[in-house]
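K.L.:
If you scroll down you'll find the structure; I have some questions about it.
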Amino acid sequence: MSAAASASKRVLSSYLRAFRATRVAFQGDLPVLTASRGEIRENFRNPDTSKPLEARLKEMDDISTFLLRNIVQGKKMENADGKYALNIHSKTELGDNDSVKKAKKVLMDNNGGCCGGANAKI
């Protein structure tokens with residue numbers, strides 16, 4: 001396979017992965033789905049050529065991963081007094097908040113209180 005064919009295959013793969021990620025992340029939200037796909041198309045049609053191809057593909061793959069793992073749709077439930085139903089799927093990253101707990105402990109240990117105060121050092 002030539003270098004050009006290999007690059008084309010990687011670009012197409014990245015493009016399709018981005019579209020799949022938007023389908024999962026924005027399922028049922030047609031305006032957001034349409035806008036996000038428009039942005040993807042625009043970025044692939046008119047790429048930022050100041051960056052090398054590998055960097056652009058990595059950036060798009062990172063965006064796709066972020067959409068799949070970190071974007072959760074919330075839809076207000078009718079007759080539920082302000083409650084929302086969340087669309088958490090198998091690829092949603094569910095953290096255990098250890099990093100948040102550790103940062104809070106560091107702040108408290110430095111006498112910075114819960115918000116860090118003037119003496120916070122992280």
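K.L.:
Determine which single condition LYS51 fails, assuming it passes every other condition in (1) surrounded by 16 or more Cβ atoms within 10 Å (Cβ to Cβ); (2) farther than 30 Å from ILE88 by Cβ; (3) not hydrophobic (A, V, I, L, M, F, W, C).
P.N.:
Of everything listed in (1) surrounded by 16 or more Cβ atoms within 10 Å (Cβ to Cβ); (2) farther than 30 Å from ILE88 by Cβ; (3) not hydrophobic (A, V, I, L, M, F, W, C), LYS51 misses just condition (1).
K.L.:
Something else about it: Given the criterion in the same structural domain as PHE26 (by TED's automatic domain parsing) and modelled with pLDDT of 70 or more, identify the matching residue among ASP98, ASP81.
P.N.:
Numbers: ASP98 fails: in the same structural domain as PHE26 (by TED's automatic domain parsing).
Matching residue, one of ASP98, ASP81: ASP81.
K.L.:
For a quick check of your reading of the model, give me the residue pairs whose first member lies in segment 22-36 and is of a type in the set (Gly, Ala, Ser), whose second is surrounded by 13 or more Cβ atoms within 10 Å (Cβ to Cβ), with beta-carbon atoms closer than 7 Å and at least 6 apart or on different chains.
P.N.:
ALA25/LEU67; ALA25/LEU68; ALA25/ILE71; SER36/THR22; SER36/PHE26
K.L.:
Being free of Cβ contacts under 8 Å to residues at least 24 places away in the same chain and among the basic types (Lys, Arg) is the filter here; which residues of segment 47-74 pass it?
P.N.:
Quick first cut of segment 47-74, residues free of Cβ contacts under 8 Å to residues at least 24 places away in the same chain only: 47-52, 54-56, 58-59, 62, 66, 70, 72, 74.
Within segment 47-74, LYS51, ARG56, LYS58 meet the criteria.
K.L.:
Only residues that are in contact with a helix residue (DSSP H, G or I) (Cβ under 7 Å, 6 or more places away or on another chain) and not hydrophobic (A, V, I, L, M, F, W, C): list them for segment 4-22, please.
P.N.:
Listed by number, the residues that qualify are ARG10, SER14, TYR15, ARG17, THR22.
K.L.:
Another one. Would you check which residues across segment 21-75 are closer than 19 Å to ALA85 by Cβ, among the β-branched types (Val, Ile, Thr) and out of contact with any Lys or Arg (no Cβ under 8 Å at 6 or more places or on another chain) and list them?
P.N.:
Selection gives VAL32, ILE71, VAL72.
The values are calculated or read from the model by the stated rules, or taken from the named source; none is laboratory data. None of these values were measured; they are calculated from a predicted model. Neighbour counts are summed over all protein chains in view; Cβ atoms, including those assigned to glycine, are modelled from backbone coordinates with ideal geometry.
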